[in-house]
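What follows is one structure encoded as C-alpha cells, with my remarks underneath.
Every number here is computed from the coordinates shown, using simple stated rules; none is lab data. None of the values given here were measured: they were computed from a predicted structure. Quick reminder, even Gly has a Cβ in these numbers, built from the backbone with ideal geometry, and neighbours come from all protein chains shown.
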Amino acid sequence: MRRTLEVRDTRARLAAECCQPVAAPDVTPEQAGTLSSLFRALGDPHRVRIVNILANSDEPICVCDFIPALGLSQPTVSFHLKKLLSVGLVQREQRGTWAYYSLNRSALGRLAGVFELEGGKP
C-alpha cells in the first residue's frame, strides 16, 4: 500500500511554495523567515548529500538505502530527512513499514529562483 504524506506544517507549506528573491524590494519578515528555514535545512552537508542523491534518482529511495550511502545510522538519516521534509524539499511515501523519499523538484526549482538579482541593485 502506497501512501503519500502531505506537508501539514504551515511554514513547510510556505517553504514549498516560496520563494521571494532575496534582491526583491521589501522582503517581509515572514518571507525572510521562510527563506531562512530553507537555508537552515540545507546548512548540513549530510542533507545536501541527501538532496544530491534524490536529485540523481528516477525513483523514490528507501530510507534504508541512505544508510550505507551516507555512512550514518538509521535514526540520524531519519532526523535529516525529517528536516528536509519539514521545509517541503522532499516528499515521503509510506510503503508498508518502510518510508521512501523523493525530491520535491518544483520546490527546489523555486528555491533556485531566490538568487535572481532582477529588481535588486547591480
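Descriptive notes on the structure:
- Each other residue within a Cβ distance under 11 Å of Leu81 adds +1 if Lys or Arg and -1 if Asp or Glu, for a net charge of +4.
- Length added when fully stretched, Ala112-Asn52, from 0.36 nm per residue minus Cα-Cα: 20.2 nm
- Neighbour net charge for Ile53 - beta-carbon separation under 11 angstrom, K R +1, D E -1: +1
- Per-residue ³J(HN,Hα) for the range 22-33, Karplus 6.51 cos²θ - 1.76 cosθ + 1.60, θ = phi - 60°, Hz, x for Gly and Pro: 5, 8, 5, x, 6, 5, 6, x, 5, 5, 5, x
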